[in-house]
Amino acid sequence: MATITLKGKPKPAAKTRNADGEKRAPVRGKGVSKPRTTLAKAQAERAEREEQFQKAQAQRNERPAPHREERPARPKPTGFKQERPAQRSEPFRRDERPDQPRDERQGRPGPRAGGFNPDGPPRRAQGGEPVRRNEHRDERPADRPRDDRPPRVDQRRASNRGPGFEPPPRPQRRNNPAREIDAEDGERLSKRMSELKLASRREADEWITAGWVRVNGKVAVLGQRVLPDAQIDIDPAARQQQASLVTVLLHKPIGYVSGQAEDGYEPAVVLFQPENRWTEDASGIKPNAGHHRNLAPAGRLDIDSTGLLVLTQDGRIARVLIGEDSDVEKEYLVRVEFVGLPGSEPVPEGTLPNAALSNNKLALLNHGLELDGEALKPAKVSWQNEQQLRFVLREGKKRQIRRMCELVGLKVVGLKRVRIGRIPLGHLPVGQWRYLAPWEKF
């Protein structure tokens, strides 16, 4: 059997005492550590360092200060500076001047610059010329005329410009297609798109900013003007965004306002909630949170009126219904009572409105009345039954039907809108809503 011998330097034994022969605790780990310093030895080293510091401080204090040469005194400037006079030990009063005589009659100092001189020329307060100061500034040589310089003129004012004045030409803007067509020859692109019923002005500006509009093959810029025969192309992405906008048909009840809340009444848009959707809505549109964004009423309906109200996100529909050139018909059923006009003959009690209203007054309701100093557009007014009128209007002034009836001696006791354009109210219950179907158009 073979024997294995390990070669190498033997490990030295660990030392248990330091150089002074003091015993120390064993230290674990590889190698030999330094001996631990005792408290007495540390105090001795500290005292020795303190003594060396004191000696060095004493030697530093015994060194002589460095020699500095004294600089000669700087001479005082002469010539352009004057010595200030010594102050008086006792200041003189205001009415005493040591260099001027005293005037006994007035009790004031004598003549001086800017002061009162009884023997001099009268001042402005006494009806004379004002006293000028610094008269030496007005002295001029004899060969120099008084008015040798022209008056100062501000050339920036139009009144100071001579007949031959020509303003400098303004720098022309470059690389701006919107400036290629003169303002007199064209109109804004957004307005032109609105007239063509491509989009509302707001939508048109958004599409132009997004780069979805081209004019004659070039990408349009915001504020560009175009001619009537310009070719306008719309990117399909804009059509997709426009198709995602919704229009809501609401049967507004009495007590709700059309627009902003006022006098404690809530707007009709608060009824646009999932629980108020009509169960027979056949549009197939699924509600989502984005349908509440920018949903605004397209037209007014009084707080005391009920019927069809349109809420839309589409600017095109809003322009068709309430634009300046809108001609969409709006049909109303109006229940009235005959009250007569001031000074007219009274009618027998119990007379129905259709019998009390003359044919001439009914003709005035169709055409011939004025509101706010403007003639109304022709309307279609006829009797629906004995107490109810049927109005078909193409405009919508504030409380127009109620004011028209007052002009002929009628009082409105109930008003309901049953149709807007080709969209009827139908069987939509009061307080409920439905979406405008894709196949429905105003």
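Bear in mind that the values in this text are calculations on the coordinates, not laboratory data. All figures in this text were calculated on a predicted structure; none of them were measured in a lab. Virtual Cβ from ideal backbone geometry, glycine too; neighbours counted across all protein chains shown.
Scanning segment 270-297 for residues that are closer than 22 Å to residue 421 by Cβ, without any contact (Cβ under 8 Å) to a residue 40 or more places away in the chain and of a type in the set (Gly, Ala, Ser) yields one hit, 296. Right, residue 354: surrounded by 16 or more Cβ atoms within 10 Å (Cβ to Cβ), over 27 Å from residue 258 (Cα atoms) and polar (S, T, N, Q) or not? Judged against the criteria, residue 354 is a match. For segment 393-413, the set of residues classified as β-branched (Val, Ile, Thr) and exposed (fewer than 15 other Cβ atoms within 10 Å of the Cβ) consists of 413 only.
Against the numbered list (1) over 14 Å from residue 434 (Cα atoms); (2) surrounded by 15 or more Cβ atoms within 10 Å (Cβ to Cβ); (3) touching a residue at least 40 places away in the same chain (Cβ under 8 Å); (4) not hydroxyl-bearing (Ser, Thr, Tyr), residue 323 comes up short only at (3).
For segment 422-442, a residue qualifies if it is under 38 Å from the mean Cα position of the chain (by Cα) and either over 26 Å from residue 274 (Cβ atoms) or charged (D, E, K, R) (or both), and the qualifying residues are 434, 441.
Of note, residue 312 satisfies the criterion of being surrounded by 15 or more Cβ atoms within 10 Å (Cβ to Cβ) and polar (S, T, N, Q).
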